Amino acid sequence: MAPVLEVKDLSVRFAGITALEHVSFAIEKEAIIAVIGPNGSGKTTLLKAILGLVPYEGEVRLFSRPLRQVLPQVGYVPQRFAFDPTFPLTVEEFISLTCRSPERLPVHGVLAEVGMNEFKGKLIGELSGGQLQRVLLAHALLHRPRILFLDEATSGIDIEGQGDFYSTIQRLNREHGVTVMMVSHEISMVYNYSDRIICLNRDLVSHGETRSTLTAEVLRKLYGENSSFQPHDHAAAPPRFDAAPAGNKGHHG
Amino acid sequence: MAELLQLPFMQRALLAGLVLGLLLSQLGIFVTLRRMAFFSDGIAHAALAGAAIGLLTRRDPLHTALIFSALLAAVIFILEKKSRLPIDSIIGILFTSSMALGVVLISLRQGYQPELIGYLFGNILAIRVADLVLIVLLGAAILAFLFSRRRKLTLLALDCEMAALAGVNPDRYELLLYVMLACALVLGIRVLGIVLVSAILIIPVSTARLFSRSFRALSRWTVLIAEFTVLAGIFLSYYLDLPTGAVIVLTGSALFSLAFITSLLLRRS
């Protein structure tokens, strides 16, 4: 079976500043993959490089093909959605923006899938942070992607909202076989919901199965002494703590 | 009224006004969403240099202004991508420089220049058949692009990265939008003039935004308000014997004020 995602010797530089250096890894089968690291460690840059949104050196292949050939199979939920909140655009209209023929695509289906069908007539500027993230997720799911990229998709959402959001992600992965790659600062959520983990600090610190990779030593390497996360306290338990981001090392964290 | 509609100059004025009302108001939706009001005003003012080149070289000023403004829009796009200057600084530099060039070129011509007043403040009642043909053909081409790419342009205005992942080439679409906006503004100059043309981009959509509860409603109300503004402005200016461009803009402003006050009162109640 072809790997879902292969990243070989990936480096990204912005105006002489190295954001990522010689990162290589492969995801063999459908999974929830979390990307963690302190601010400025290159998490968002990694996602953007995989998605072809920033120039990079190295090789990225999705389902053994270049991104351009598999673009319709890719979904993306951005970290921030900086739109004019007074612009009159309903949830349903927003979801339909990527459709040539909206009536042929399951707009109502994806809204129902993320529990937002009753909000379809509401203006996107009137949604709460959690509701907006669900709408962005529905938008990303519209074309039935095989892989979904989430860039700190739950930042600014309360703990309960985060739990609901990650449960939806987990269901998409388990029931529909969607591979999910998510950048996150919420170590507890990562520990409870992801199958594999990629630990970044401009280069690859560690990667592998979440429970065995996310050790206190790895967390110390990433966050220094700021991290007091204890993995064993968090197995299948409500999250109680998140690693405090360490000092900013550069751009595009 | 029936007699008035029989007059060829009035027929040309009304047709040109209706086409431009539809064209500029639809572009105005993207202009306000992308906060490009200064770009629009800058391009309209810079068109003076293009018109001056036409007047000086005895070519049709509308044609030279179209080419000049389209090129200027492309230069703004390139500088925005390649330089580290903020977009409003780039527009400010190019707009004032182009206006200065226009003033210098016009000063090289001897004697009184009535065409200049027409370009500054518009003269819809002096629209020739050739102007009308250009307005209808170019306007139809731009509208066809806008309507066929409406969703992509909206997504691009909302989030560039999401648009790129939806298969939109952001650079190509932005360049096309800049150039088409420049062309539409120059066409509008014949009606409203350099000084007033951006009003019909901004005022109808801003009025419609006050009470629209969906993008579809916004599009429809914007067109209705723009067309009513243009038609009412033309007839009022004819009967009151006042400058057409200015009366169109004042009609639009009056509608906006009415809608704004009504929306405030409704919110309070």
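Computed from the coordinates by the stated procedures, all read-outs in this text should not be read as laboratory data. All values derive from a computational prediction rather than experimental measurement. Methodologically, a virtual Cβ is constructed for each residue, glycine included, from the backbone with ideal geometry; neighbour enumeration extends over all protein chains shown.
Details
- Of the two radii for region B:73-222, the radius of gyration is 1.01 times the Kirkwood radius, both from the alpha carbons; that is the Rg over Rh value.
- Its Cα gyration tensor gives region A:1-92 an equivalent ellipsoid. The semi-axes, each the square root of 5 times an eigenvalue, are 25, 20, 13 Å from largest down.
- Spread of Cα-to-Cα distances over 10 Å intervals beginning at zero, given as percent, for region A:64-219: 10, 37, 35, 14, 3, 0
- Using C-alpha pairs below 8 Å separated by at least 6 residues, the relative contact order for chain A is 28 percent.
- Over all orientations, region A:123-205 has a Cα convex hull whose mean projected area works out to 6.3 square nanometres.
- Nearest-0.05 FRET efficiency for B:Gln110 and A:His22, computed from C-beta distance (R0 51 Å): 0.15
- The alpha-carbon positions of region B:194-269 define a convex hull whose volume is 80 Å³ per residue.
- Computed over region B:3-156, the range of Cα coordinates on each principal axis works out to 53, 43, 20 Å, biggest value leading.
- Counts of other chain beta carbons within 10 angstrom of each beta carbon in peptide A:187-195 average 0.
- Percent RCO, i.e. relative contact order, over region B:2-268, from Cα pairs under 8 Å lying at least 6 residues apart: 30 percent
- If you take all other residues with their beta carbon under 15 Å from the beta carbon of B:His63, and give Lys and Arg +1 and Asp and Glu -1, the sum is +1.
- Protection proxy ranking, peptides B:222-230, B:22-30, B:134-142, average beta carbon neighbours within 10 Å, highest first: B:22-30, B:222-230, B:134-142
- Debye intensity ratio in log₁₀ form over the Cα atoms of region B:104-166, taken at each q of 0.16 Å⁻¹: -0.75
- Kirkwood hydrodynamic radius of region A:42-154, from inverse mean 1/r over distinct Cα pairs, in Å: 15.0 Å
- With 5 Å bins from 0: P(r) over region B:1-46, alpha-carbon pairs, percent: 5, 18, 17, 17, 14, 10, 9, 8, 1
- GNM result for chain A, Cα springs below 10 Å: residue of A:Leu46, A:Leu20, A:Leu132 fluctuating most strongly: A:Leu132
- Over 23 Å [Cα-Cα, region B:2-268], rounded percent: 52 percent
- Over every Cα atom in region B:147-256, the radius of gyration and the widest Cα-Cα span, Dmax, amount to 16.3, 54 Å.
- Average beta carbon contacts from partner chains per residue of B:214-220, 10 Å cutoff: 4
- Longest stretch of chain A clear of exposed loop sites (trypsin sites (Lys or Arg not before Pro), DSSP loop, at most 13 other Cβ atoms within 10 Å, sites excluded): A:101-239.
- Its Kirkwood hydrodynamic radius, worked out from the mean inverse distance over all distinct Cα pairs, puts the protein assembly as shown at 25.8 Å.
- Whole-number percent relative contact order across region B:1-90, with pairs defined as alpha carbons under 8 Å at least 6 apart: 17 percent
- Exercise: per-residue mean of other protein chain Cβ atoms within 10 Å, B:149-160: 4
- Bridge type composition, chain A - antiparallel percent by DSSP, nearest 5: 55 percent
- Burial order of peptide ranges B:185-193, B:256-264 (average beta-carbon count within 10 Å, highest first): B:185-193, B:256-264
- Expected 222 nm ellipticity per residue - DSSP helices of 4 or more, -39500 (n - 2.57), all of chain A, to 500: -8000 deg cm²/dmol
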